[in-house]
Amino acid sequence: MTIALIGSRGYPIVYSGYETFVKEVAERLAAQDIIVRVYCHKNLFKQRPKVLNGIELVYMPTIETKILSQLVHSFFSMMHACFSDADVILAVNAANGPWGLISKLFGKKTAINVDGMEWLRPKWKGLGARYFKFAAWLSTRLYDIIITDAEAMSAVYLEQFNTESTVIAYGANIRFSNNPDLIKQFELNQQGYYLIVGRLIPDNNADLLLAGFLEANSDKKLVIVGDVPYQDAYAQGMKEKASEKVLFLGYVNDQAVLAELYHHCYAYLHGHEFGGTNPTMLKAMAYGCAILALDTSFNREMLQEGQFGQFFLKSSQSVALSLQEADNHPQVLANFRLNARNGLTQKYNWDQVTTAYANLFKELIKNGKSRT
């Protein structure tokens, strides 16, 4: 069985949830003697081995623009995969919906992980939003299997596009603190700060979290990890509020340092709004964080209706109240930290996730189009 993975930046780099997914699942599939072929952005790799960790790598060019880079790369990848011996083509990102027409013409069996509601994200307005919704609709018509990563997202696709999907969540790897001293470089103390991790874009509501923190007048610090790789008024407006209590660390590429920042925060603040199973919050659970999250159906599903975290509404006042409650009830936060990893049931286990994908591929090869 040969599986072609398209739509990510490639392997073994890890920039986002897509690349994490590809790394975790591709390595496990390859260990099961399944041939896995990952399509990579050629310009991102100085070294271009043909095989790494048992995974075949194909490097495809693209047009280097913010909007078109991924789409063009996926187009060339889909064309190459359709001329290859791949039994199944797995695409990630509903933006690649139109390329399902190519695989249809070639008679290739396909699946697509559609991820979140891109058409609602503030960064995509007008034509961009319309494209993403159209592409998501095309995905439901052109690919054999639609994969959503949460029951709540499955419900969205059923309501919006009258299409059932197979639910397979993302996974996370449980980790414990190895070197608490790593956070001292930022002049931080254990449980002395709130943590935000994510790109500084409106979708993640980091500005709302920052405003709520300032209103709460907490005695703790706020640490913000993440940035955007371009000049942006939204991100710059947030950075202008930096102070001794509000630290912008930018990208933290050292994963050991990032892990310790998770491990020792008083609480992780999650403002992501439009996705399904969010990899960043899964990591917070796997690293033993107390979690305060925006009240969405996706976040409620992950935190099991408040068993593994608390919720705030989409207003700075609600965030402020939530932080004040957290400050005043440290034992509640301590209990969340103690139990956080218990929320990672088999649903969020990478081995289980990989088994679900392997079974889906086998069923698709055996029986053709199938949605469950």
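When the residues of segment 334-356 are narrowed to those that are modelled with pLDDT of 95 or more, farther than 12 Å from residue 174 by Cα and not aliphatic (A, V, I, L, M), which ends up surrounded by the most Cβ atoms within 10 Å (Cβ to Cβ)? Applying the filter and picking the extreme gives 336. Checked against (1) within 19 Å of residue 209 (Cβ to Cβ); (2) assigned by TED's automatic domain parsing to the domain that holds residue 25; (3) not hydrophobic (A, V, I, L, M, F, W, C), residue 355 meets all criteria but (1).
Quick check: is even one residue across segment 35-53 in a helix (DSSP H, G or I), in contact with a helix residue (DSSP H, G or I) (Cβ under 7 Å, 6 or more places away or on another chain), in contact (Cβ under 8 Å) with a residue 12 or more places away in the chain and closer than 22 Å to residue 352 by Cα? No, because not a single residue in segment 35-53 is in a helix (DSSP H, G or I), in contact with a helix residue (DSSP H, G or I) (Cβ under 7 Å, 6 or more places away or on another chain), in contact (Cβ under 8 Å) with a residue 12 or more places away in the chain and closer than 22 Å to residue 352 by Cα. If you go through segment 59-111 and keep only what is more than 24 Å from residue 149 (Cβ to Cβ) and of a type in the set (Gly, Ala, Ser), you end up with 84, 107.
Annotation note: Cβ proximity below 7 Å between a residue of segment 93-110 that is assigned by TED's automatic domain parsing to the domain that holds residue 22 and within 13 Å of residue 141 (Cα to Cα) and a residue that is of a type in the set (Asp, Glu) and in a helix (DSSP H, G or I) (sequence gap 6+ or interchain) occurs for 94/118. Among the residues of segment 84-102, the one identified as among the small types (Gly, Ala, Ser), outside any loop (DSSP other than H, G, I, E, B) and closer than 18 Å to residue 58 by Cα is 91. For segment 145-197, residues that are assigned to a loop (DSSP other than H, G, I, E, B) and among the basic types (Lys, Arg) total 1.
Looking across segment 103-129, the residues that are part of a helix (DSSP H, G or I) and within 24 Å of residue 164 (Cβ to Cβ) come down to 103, 104, 118, 119, 120. The conditions of being surrounded by 22 or more Cβ atoms within 10 Å (Cβ to Cβ), within 22 Å of the chain's Cα centre (by Cα) and of a type outside the set (Val, Ile, Thr) are not met by residue 18. Annotation: residue 69 fulfils all but one of (1) modelled with pLDDT under 95; (2) farther than 24 Å from residue 26 by Cα; (3) surrounded by fewer than 19 Cβ atoms within 10 Å (Cβ to Cβ); the unmet one is (2). Scan segment 225-238 and tell me whether some residue there is in contact with a Phe, Trp or Tyr (Cβ under 9 Å, 6 or more places away or on another chain), closer than 30 Å to residue 148 by Cα and surrounded by 23 or more Cβ atoms within 10 Å (Cβ to Cβ). There is no residue in segment 225-238 that is in contact with a Phe, Trp or Tyr (Cβ under 9 Å, 6 or more places away or on another chain), closer than 30 Å to residue 148 by Cα and surrounded by 23 or more Cβ atoms within 10 Å (Cβ to Cβ).
The values are calculated or read from the model by the stated rules, or taken from the named source; none is laboratory data. This structure is a prediction, so every number in the text was calculated from the model and none was measured. Note: ideal-geometry Cβ built from the backbone for every residue, glycine included; neighbour counts use all protein chains shown.
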